[in-house]
Amino acid sequence: SKREKVEAFSDLSLVVKGFGHLEESLKAFTAEERLEGENAVMCSICGGKQPYIRKTAFKELPEVLVIQLKRFGWDFSNGRGKRVKNEDRMEIPYELLVAASSDKNDDDDDADDAKMTKYRAVSVLMHSGLAATGHYYAFVQPKGRGSTWCQFDDHRITQISAVDQNRMFQSLSQHLEKRKSSSSS
């Protein structure tokens, strides 16, 4: 049987570790997860554990989407918890297409006809330093599309060059092209 829990949201927390691009992490976030064995779900009808498939789908997307990258975590390998920071590089696209799920049955061939929403980055919050200490600063496009990006760092506000802006955002086509050329060699 299918159970659905609908929750309003305006932000997503996406995993960095193991993903080189934001869209890869988003795809994993919305992928089906099989819960079996110890992870099976307790059935309220039969009283036993039953295999279960869990999936996150977006029924309705917010006008503004905030994406938080999970860079901080805990390492318990030494027996005590130690806060750690994941320094893996993750490419962030300037524009991101996100699909809202269709209301059609998943078995329907037309279930891929999801409503696409295009989001455009307007700010990026950065952290430099270690997990326990560090400094936050932000890149912001204050006047919207086409305006110059600025770095806000405490009391200093400086414009960033087009070269630095291009370093900050990698388009999906550049990302896919890199992956295609590396897999063919």
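The values are calculated or read from the model by the stated rules, or taken from the named source; none is laboratory data. Here the structure is a predicted model, which means the values were calculated and not measured. Note: ideal-geometry Cβ built from the backbone for every residue, glycine included; neighbour counts use all protein chains shown. Only protein heavy atoms, including side chains, enter the accessible area calculation; ligands, DNA and RNA are left aside. Shrake-Rupley method; radii C 1.70, N 1.55, O 1.52, S 1.80 Å.
Tell me, please, whether a residue that is within 19 Å of the chain's Cα centre (by Cα), closer than 21 Å to T117 by Cβ and not small (G, A, S) can be found in segment 31-43. No: zero hits.
Would you be able to tell me the number of residues in segment 1-16 that are in contact with a strand residue (DSSP E or B) (Cβ under 7 Å, 6 or more places away or on another chain) and either open to solvent by 50 Å² or more (accessible area, probe 1.4 Å) or without any contact (Cβ under 8 Å) to a residue 24 or more places away in the chain (or both)? Adding up the residues that qualify gives 3. Looking only at residues of segment 131-153 that are of a type in the set (A, V, I, L, M) and in a strand (DSSP E or B), we find that the one that is most open to solvent (accessible area, probe 1.4 Å) is V140. Among what's in segment 92-113 and is open to solvent by 40 Å² or more (accessible area, probe 1.4 Å) and of a type in the set (S, T, Y), pick the residue that is modelled with the highest pLDDT. Ranking the qualifying residues of segment 92-113, first place goes to Y94. Here E33 fulfils each of the conditions (1) under 27 Å from A100 (Cβ atoms); (2) in contact (Cβ under 8 Å) with a residue 24 or more places away in the chain apart from (2). Taking residues in segment 108-130 that are among the hydrophobic types (A, V, I, L, M, F, W, C), and partners anywhere that are open to solvent by less than 40 Å² (accessible area, probe 1.4 Å) and modelled with pLDDT under 85, the pairs with Cβ atoms closer than 6 Å and at least 6 places apart or on different chains are A111/S102; A114/S102. Within segment 41-83, being charged (D, E, K, R), open to solvent by less than 70 Å² (accessible area, probe 1.4 Å) and part of a strand (DSSP E or B) holds for one residue alone: D75. Assessment of segment 84-91 against the conditions (loosely packed, with under 13 Cβ neighbours inside 10 Å, touching a residue at least 12 places away in the same chain (Cβ under 8 Å), part of a strand (DSSP E or B) and not β-branched (V, I, T)) yields no matching residue. Being within 28 Å of R120 (Cβ to Cβ) and at pLDDT 85 or above is a property that E32 lacks. Just one residue in the set V66, V16 is of a type in the set (A, V, I, L, M) and under 20 Å from T117 (Cα atoms); that residue is V66.
For segment 114-129, residues that are more than 20 Å from the chain's Cα centre (by Cα) and surrounded by 11 or more Cβ atoms within 10 Å (Cβ to Cβ) total 0. Looking across segment 17-40, the residues that are open to solvent by less than 40 Å² (accessible area, probe 1.4 Å) and closer than 19 Å to V6 by Cα come down to L26, T30.
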